[in-house]
Amino acid sequence: MTSIHLENLEKSFGAFQALKTMDLKIADGEFMALLGPSGCGKSTTMNMIAGMERPTGGRILFDGRDMIDVPMGRRGVGFVFQNYAIFTHMTVRDNLAFGLKMRRLPAADINRRVKQMAEFLQLTELLDKPSAKLSVNILQRLAIGRSAIVEPAIFLLDEPLSNVDAAFRAVMRTELKHLQRQFRQTMVYVTHDQLEAMTMADRIAVMDHGVLQQVGTPLEVYNHPANLFVANFIGAPGMNLIRGSVTEESDEIRVDLGQLGLSPALPQGLAAALRRRKRGDVWFGFRPEQVSIDRTGSGISLPVLFVERIGARTTLHFGAERTLAKAVIDNGEGIEAGKMAPVALASEGVRLFDAETGMAIGEA
């Protein structure tokens, strides 16, 4: 296994700065996801780790060793691209064995490892089939196996599941995590799909416009987003964000949400953080999953614009002038579009963000 330290890493292409001073440590055997929208700099970061791009500034350290002048072929890195890269004129067996033969391993070892990898990726029955006749799903599985079989210390995957169908993605998410645990590789996984990052990664590095926004476990970035971008980007649907002003009555701090009324009483941590700062507008954030239908008569009554039924759950879309919000509820609730719905917010799930900087305020 190998640790990675991206120390003050920067990358520019002419006048365009693709990566702005990233400092990120990836531990031995860790599964790190680089997550963000297209153009955020995640693939550029991976290409520099692999040695395909040279940084404009900063260092790349593997186990403390500076790799800037080490060529890609000597970095001990395996790479899987979004578009599978396999030899279509070869059989599945020959593709899996290719890297091992280049390393001049004994034939018995090659056969053993090919058999093990084929069994792990459910390719055994296809070993002697020409690769050109395989489906896209199987080709991507083969590409992953061909890179993994040489057991690189670092395994880099650049959106490898983007071009395959949804059912196959679900299967491969599980298999990739098992693969990483079996070979104990340090794995860096580039994706724009938060579901992939949340289900597989030990930690997630959220990026936007070349800036590292937050690093944490999936639950940390979901429950405690560092800023408005992370709050909105993480979650399906993302966090509800409503602009409001802080008010205090009878020593109780709340947020005035305009037509939606006053927020629930804030948790002590958030209330204390608001008392320490200057008064001003804030973004009041709460997850759609933390909204419930209120049967006590003490909740907020909101107009339902649209009802989205997705299997076991229903997503309600609310609207009041320019204020929009969503709630994820059980599909048994009989809520209809065009009517008012009484809802309650879980105060412990509230997050506040500074209206000027977008940074999180205090802790809930």
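The values are calculated or read from the model by the stated rules, or taken from the named source; none is laboratory data. In this text the structure is predicted, and so the values were computed from the model without any measurement. Here the Cβ positions follow ideal geometry from the backbone for every residue, glycine too, while neighbour counts run over all protein chains shown.
Okay, here's what the table says:
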read-out: Test: Arg104 is in a helix (DSSP H, G or I), farther than 30 Å from Ala18 by Cβ and of a type outside the set (Val, Ile, Thr); value: no
read-out: Condition met for Arg113 (out of contact with any Gly (no Cβ under 9 Å at 6 or more places or on another chain), within 22 Å of Gln180 (Cβ to Cβ), surrounded by fewer than 20 Cβ atoms within 10 Å (Cβ to Cβ) and in the same structural domain as Ala143 (by TED's automatic domain parsing)); value: yes
read-out: The stretch 333-364, residues that are exposed (fewer than 12 other Cβ atoms within 10 Å of the Cβ), at pLDDT 80 or above and among the small types (Gly, Ala, Ser); value: Gly338
read-out: Test set (1) of a type outside the set (Lys, Arg); (2) part of a helix (DSSP H, G or I); (3) in contact with a strand residue (DSSP E or B) (Cβ under 9 Å, 6 or more places away or on another chain) - Ile110 fails condition number; value: (3)
read-out: Checklist (1) modelled with pLDDT under 90; (2) under 30 Å from Ser38 (Cα atoms) applied to Ser131, failing item; value: (2)
read-out: Test: residue in the stretch 260-282 that is over 24 Å from Pro225 (Cα atoms), at pLDDT 85 or above and not hydrophobic (A, V, I, L, M, F, W, C); value: no
read-out: Residue ranges of strands (runs of 3 or more DSSP E) in the stretch 152-256 with at least 3 members within 28 Å of Arg141 (Cα to Cα) and outside the structural domain of Arg277 (by TED's automatic domain parsing); value: 154-158, 186-191, 203-208
read-out: Residue match in the stretch 262-283 (condition: of a type in the set (Ser, Thr, Tyr), touching a residue at least 40 places away in the same chain (Cβ under 8 Å), surrounded by 13 or more Cβ atoms within 10 Å (Cβ to Cβ) and within 26 Å of Thr357 (Cα to Cα)); value: yes
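Here's the yes/no breakdown for (1) under 23 Å from Lys42 (Cβ atoms); (2) of a type outside the set (Asp, Glu); (3) in contact (Cβ under 8 Å) with a residue 40 or more places away in the chain:
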{"site": "Val114", "(1), (2), (3)": "no, yes, no"}
{"site": "Glu119", "(1), (2), (3)": "no, no, no"}
{"site": "Gln122", "(1), (2), (3)": "no, yes, no"}
{"site": "Leu127", "(1), (2), (3)": "no, yes, no"}
{"site": "Pro130", "(1), (2), (3)": "no, yes, yes"}
{"site": "Leu134", "(1), (2), (3)": "no, yes, yes"}
{"site": "Gln140", "(1), (2), (3)": "yes, yes, yes"}
{"site": "Ile154", "(1), (2), (3)": "yes, yes, yes"}
{"site": "Leu157", "(1), (2), (3)": "yes, yes, yes"}
